[in-house]
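Notes for the one structure printed next.
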Amino acid sequence: MIEVEVKAKITSFNEIEKRLEALGAVKSRKEFQEDIYFASPIVDFAKTDEALRIRTTDNDIFITYKGPKLNSEAKTRKEVEMSIESASKAKDIFEEIGFKEVRTVRKNRQYYTYENFEISLDDVEGLPPYMEIEIALDNGQEYDEAQSEIFRLFEKLGITDGFERTSYMELLENILSD
């Protein structure tokens, strides 16, 4: 699967929720997410722009691999995900074969659906409010057009700046290094 995702810093969850509801977006679910990111013993993910994480939510646990970004405007990348039964066992396996835990990112995420978009309002520990809009593409679909659709939706919602291509993990790392 190719994931086309754009994130923007917002000023107020309440204001954006009102705009989403006025547009006809439907609030679908809310969940807590804890993401444990790992560094590879073989590849420098910071240089290759890849990511490996274990995500624990209210109901699920899964491993996600995110490939390098495919363009310069959005976070368009290959994503491979699989469910697992235990975050601690997966973490133990990763560490036994040389992967190192880099950072844990915790967030409360409110999901909305609108047409073929998944929209999330993200309250990330240590960061200001963010909104992400995502489209998941099957192989063969054009991601440049999907990216344009996402930016048009942001514009409909009154958001024309504050866009961010870096991950929440990178944003948190930048804050700590300042």
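What is the mean projected area of the alpha carbon convex hull for the chain, to one decimal in square nanometres?
It is 10.5 nm².
At a threshold of 8 angstrom on Cα-Cα distance, excluding pairs fewer than six apart, so keeping six or more, what relative contact order does the range 19-58 reach in percent?
It rounds to 46 percent for the range 19-58.
Within the set Lys7/Lys30; Lys7/Lys156; Lys9/Lys156; Lys69/Lys91; Lys18/Lys66, which residue pairs have Cα atoms separated by over 22 Å?
Beyond 22 Å between Cα atoms: Lys69/Lys91; Lys18/Lys66.
Any idea which of Leu153, Ile63, Asn108 is furthest toward the positive side of the dipole for the chain, if Lys and Arg beta-carbons carry +1 and Asp and Glu beta-carbons -1?
Asn108
Highest mean first, how do 125-136, 74-85 rank when packing is the count of other Cβ atoms within 10 Å averaged over residues?
With the highest mean Cβ count within 10 Å placed first, the list reads 125-136, 74-85.
Could the peptides 39-46, 166-173, 1-8 be put in order, highest first, of the mean number of other beta-carbon atoms found within 10 Å of their residues?
Peptide ranking by packing, descending: 1-8, 166-173, 39-46.
Report relative contact order for the chain in percent, whole number only (criteria: Cα-Cα under 8 Å, sequence separation at least 6).
Worked out over the chain, it gives 32 percent.
Would you mind pulling out the separation of the Cα centroids of the range 108-157 and the range 27-95, in Å?
Using only Cα atoms to place each centre, the spacing works out to 18 Å.
A short reminder: the numbers here are calculations on the coordinates, not readings from a lab. Note that this is a predicted model, so its numbers are computed, not measured. Cβ coordinates were reconstructed from backbone atoms using ideal geometry, including for glycine residues, and neighbour counts include every protein chain displayed.
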